[in-house]
Amino acid sequence: MNIKTLLIEKANAAMHAAGIPEGTNPAVTQSTRPQFGDYQINGAMGAAKALKTNPRELAQKIIDNLDVADLAAKTEIAGPGFINIHLKPEFLAASLEAANQDSKLGVAEHVNPHKVVVDYSSPNLAKEMHVGHLRSTIIGDAVVRALEFRGDTVIRQNHMGDWGTQFGMLIAHLEDLLEQGVDLEKVALADLESFYRDAKKRFDEEEGFADKARDYVVKLQGGDAHCKKLWQMFIDTSVKHSEEVYARLNVTLGRDDIKAESAYNDRLQGVIELLKEKGIAVEDQGAQVVFLDELANKDGEPSVFIVQKSGGGFLYSTTDLAACDYRSNELDVDRILIFVDARQGLHFNQVEITARKAGLLKDKTSYEPSLFGTMMGDDGKPFKTRTGGTVKLADLLEEAVSRAADKIADRTAELSEEERSEIARKVGIGAVKYADLSKHRTSDYIFNWDTMLSFEGATAPYLQYAYTRVSGIFRKAGVDSANLAGSINIVEPQEKALALKLLQLEEVLDLMISEATPHVLCGYLYELASLYMTFYEACPILKDDVAADVRESRLLLCNLVAKSLRTGLDLLGIEVMEQM
Ligand code: ARG
């Protein structure tokens, strides 16, 4: 159920029937104040301007043709030509009851599902996952869950960086350690960061090592079995590290979703041939370069996009062009979403323009680099450890859980040790995720433990607590929510406000899916929880003097609130609990 879409359709039909030519699309919004009705149609003003007539008269014509008898109690013209729609309480009640019966809470499956590649997380395997990959991982995963909930077909692709010159240095170092009999998992690769540092130090300082490393890159890229084997050992351990982080984060990425950079190796030469053949890439100082006038600077100099190095080596850019070809021409997808740091914006513009020219990306496929801002420390600079190093994601998550444990200690004193640590885990991880997901994707944000772990304001702990309160009502009432039998009756204004919010879920998910912005769902859940609190204060449920049918109606509302919070948080990858 999506009241907004329904009203847009009806408004369109009415405008058509009123003789208004196509082209002016009515906007429909939820009203900000009860006196403006529940929804407003705003189409008459634009149309009147185009037709040079009186907007209020035109609004009346639209109303005369508006077929809303089954959902609206009243329609009226307001101000310069808005049409206010007051919905019928029975319509709201029936819609809520249908949502309560439905496993997807009334959110319909797309009639024309899209096939979508979502490229997210995508860490570089030379190093351990650091906070820079948090945003890509969790924003991408939330969008994936929402797309699937809505019925789209999603192909997750973890575009891991597992190829490139630094691997020569890493496997040369690995080889030496293996010869010394060092245990690979427990010692050599237990800490990828220091492994990388050690290798780099030898590369910079040790005689002969750099040559060996360079030699190994060439061998590896030429398919040498020994180098390939060492490389594979390194990759396996590194992938295992990422998988631990995914499990901790409650992220749905699995091993089958890995489509790493190296997977495109066989296609790279072909991409370059094609670009040369079509005259898109030209030789410049030995390298293959695409000059893009579309992205020229203010002096009119074209943007330079290097697709092959002068020695013949391929680049990040070459791989992304090959990925376009695979995703668009072979998988034949409608959309490609790539969750990546905003600093890579130019790169993806260059990829798209080049790929479209070359036919590596067909018109049907929309290419959507979904850029995100930087996570900042309290000092307003990119988040770092106290000593200025990059923060490992695994360490950050461990700290979140231990801080959450302190925070909830007195609330959960009477629970068992095991229950307490389970709650701390859900609260800590949930807090980090919600704090991030609730910010607009494209903005930078300041990472702050106290705000994200607070039980007040828009936070995971607030929402998780709200959920325990709603679901706790059924325990208190001694009622199994599955056995609620009565019907819903919308009478009080607080009930109506809650009802309208409950019926907005599909609209919110559509916005989140089309713009790849989980913050709209975060905001929605916070508003829902707040409206529930207001409703709970104003509308008694379990008091003795509440009539049985009123109580049943309100419990039905509570049940839908609980399910909506749980489902919504689950789409964000945040877990709930029954008590805290
Ligand atoms: N590995 C890259 C990084 O860590 C992100 C890859 C994003 N996806 C892509 N198709 N380039 O910055």
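May I ask for the net charge around G151, where only other residues with Cβ less than 12 Å from the Cβ of G151 are counted and Lys, Arg are +1 while Asp, Glu are -1? Walk me through the numbers on the way to the answer.
Values: positive: K104, K115, R150; negative: E109, E148, D152, E506, D510.
After counting each charged neighbour, the total is -2.
Which of L509, V68, P461 sits farthest toward the positive end of the charge dipole of the chain, with +1 on the Cβ of Lys and Arg and -1 on the Cβ of Asp and Glu?
V68
Is the shape of the range 397-525 rounded, prolate or oblate, going by the alpha carbon gyration tensor and its root eigenvalues a ≥ b ≥ c, with a/c under 1.5 for rounded and a/b larger than b/c for prolate?
Cα axes put the range 397-525 in the oblate bin.
According to a simple spin-label model (label point 7 Å from Cα along Cα-to-Cβ), what is the distance in nm between L184 and K115?
In this crude spin-label approximation the distance works out to 3.6 nm.
If packing is taken as the average number of other Cβ atoms within 10 Å across a peptide's residues, how do 502-509, 85-92 rank, most packed first?
Going by the mean number of other Cβ atoms within 10 Å, highest first, we get 502-509, 85-92.
For a quick protection proxy, order the peptides 453-461, 383-391 by their average other-Cβ count within 10 Å, most packed first. Each step should come with its number before you reach the end.
Working: 453-461: 18.9, 383-391: 12.3.
So the order, starting with the most tightly packed, is 453-461, 383-391.
Given a Förster distance of 25 angstrom, what is the FRET efficiency for T385 paired with T252, based on the Cβ-Cβ distance and rounded to 0.05?
0.30
Give me the net charge for the shell around N250: Cβ to Cβ below 11 angstrom, other residues only, Lys and Arg +1, Asp and Glu -1.
Here the charged neighbours net out to +2.
What is the extension gain from A78 to Q579, computed as 0.36 nm multiplied by their sequence separation minus the C-alpha to C-alpha distance, in nm to one decimal?
175.7 nm
Would you please classify the overall shape of the range 521-580 from the alpha carbon gyration tensor, given that a ≥ b ≥ c denote the square roots of the eigenvalues, rounded means a/c under 1.5, and beyond that prolate means a/b larger than b/c while oblate covers the rest?
Details: a/c = 2.56, a/b = 2.10, b/c = 1.22.
It comes out prolate by the Cα gyration axes.
Below 8 Å, C-alpha to C-alpha, sequence gap of six or more: please give me the relative contact order for the chain in percent. It would help to have the intermediate numbers written out before the result.
Details: 906 pairs, mean separation 86.1, N = 580.
Once divided by the residue count of the chain, the mean separation gives 15 percent.
As an exercise, use a Förster radius of 56 Å and the Cβ-Cβ distance of K52 and E330 to find the FRET efficiency, rounded to the nearest 0.05.
0.60
Using the crude model of +1 on Lys and Arg Cβ and -1 on Asp and Glu Cβ, and no other charge, please compute the dipole size for the range 335-473 relative to its Cα centre, in debye to 20.
Dipole of the range 335-473, to the nearest 20 debye: 820 debye.
Cut-off under 17 Å on the C-alpha distance; same-chain residues fewer than 8 positions from K88 excluded. Which aspartates and glutamates are left, in chain and number order?
Excluding near neighbours in sequence, the set is D38, D67, D70, E76, E97, E492, E495.
Excluding residues fewer than 8 places away in the same chain, name every one of the lysines whose C-alpha is closer than 17 Å to that of K219.
K228, K229
Using θ = phi - 60° and the Karplus curve 6.51 cos²θ - 1.76 cosθ + 1.60, what whole-Hz ³J(HN,Hα) does each residue of the range 259-272 get, with Gly and Pro shown as x?
Those phi angles translate into 9, 6, 4, 5, 5, 9, 3, 5, 9, 5, 4, x, 4, 5 Hz.
Which links in K127/K407; K127/K381; K4/K433; K407/K496 stretch past 25 Å when you go from one Cα to the other?
K127/K407; K4/K433; K407/K496, as the Cα separations exceed 25 Å there.
By how many nm would the segment from D236 to D395 grow when fully extended, if each residue of separation counts as 0.36 nm and the alpha-carbon distance is taken off?
Extra length from D236 to D395 when fully extended: 55.1 nm.
Charges on Cβ only, +1 for Lys and Arg, -1 for Asp and Glu, centred on the Cα centroid of the chain; of V282, L147, F82, which one is farthest towards the dipole's positive end?
F82
Assuming 0.36 nm per residue, please report the length gained on full extension of the stretch K476 to E414 beyond their Cα-Cα distance. Could you put the intermediate results ahead of the total?
Details: separation 62, 0.36 × 62 = 22.32 nm, distance 1.82 nm.
Stretched out fully, the K476 to E414 stretch lengthens by 20.5 nm.
Within 10 Å, count the other beta carbons around each residue, average over each peptide in 99-106, 169-176, 429-436, and list them highest first.
Taking the mean over residues of other Cβ atoms within 10 Å, the ranking is 429-436, 169-176, 99-106.
What are the ³J(HN,Hα) couplings of the range 355-368, residue after residue, when phi is run through the Karplus curve with 6.51, -1.76, 1.60 and θ = phi - 60°? Round to Hz, x for glycine and proline.
For the range 355-368, the Karplus-derived couplings read 5, 5, 4, 8, x, 7, 9, 8, 4, 4, 8, 8, 9, 10 Hz, x marking Gly and Pro.
Looking at the range 38-69, which trypsin sites (Lys or Arg not before Pro) are in a loop (DSSP not H, G, I, E or B) and have at most 12 other Cβ atoms within 10 Å?
Sparse-neighbourhood loop trypsin sites (Lys or Arg not before Pro): K52.
Taking the Cα centre as origin and putting +1 on Lys and Arg beta-carbons and -1 on Asp and Glu beta-carbons, what dipole magnitude results for the range 1-112, to the nearest 20 debye?
Using only the charged Cβ atoms, the result is roughly 480 debye.
Provide the net charge surrounding S487, with neighbours chosen by a C-beta distance below 15 Å and charges set as Lys +1, Arg +1, Asp -1, Glu -1.
On the way: positive: K88, R551, R554; negative: E90, E97, E495, D549, E552.
Once positives and negatives cancel, what remains is -2.
Based on Cβ point charges of +1 for Lys and Arg and -1 for Asp and Glu, what charge dipole magnitude is obtained for the chain about its Cα centre, in debye rounded to the nearest 20?
The dipole magnitude comes to about 1120 debye.
Using 1/(1 + (r/R0)^6) with R0 = 35 angstrom and r between the beta carbons of A108 and S194, what's the FRET efficiency to the nearest 0.05? Kindly include the intermediate steps, with their values, before the conclusion.
Working: r = 52 Å, r/R0 = 1.48.
Efficiency computed from Cβ-Cβ geometry: 0.10.
Charges on Cβ only, +1 for Lys and Arg, -1 for Asp and Glu, centred on the Cα centroid of the chain; of H241, H159, T53, which one is farthest towards the dipole's positive end?
So the residue furthest toward the plus end is T53.
Mind computing the radius of gyration and Dmax over the alpha-carbon atoms of the chain? Å is fine for both.
Expressed in Å, the Cα Rg and Dmax of the chain come to 28.3, 88.
Could you pull out every residue, at least 5 positions away or on a different chain, whose amide H is within less than 5 Å of the one on S366? Hs are placed 1.01 Å off N in the peptide plane, and Pro or chain starts have none.
Here R335, I336 satisfy the definition.
Which value in nm describes the separation of the simple spin-label points at L6 and L346, placed 7 Å from the Cα toward the beta carbon?
5.0
Do you know the relative contact order of the range 231-344, to the nearest whole percent, from alpha carbon pairs under 8 angstrom that are 6+ apart?
Relative CO of the range 231-344 lands at 17 percent.
Read-outs throughout are calculated quantities, based only on the coordinates presented, and are distinct from any laboratory measurement. No experiment lies behind these values; they were computed from the predicted model shown. Here Cβ is always computed from backbone atoms with ideal geometry, including for glycine, and neighbour counts include all displayed protein chains.
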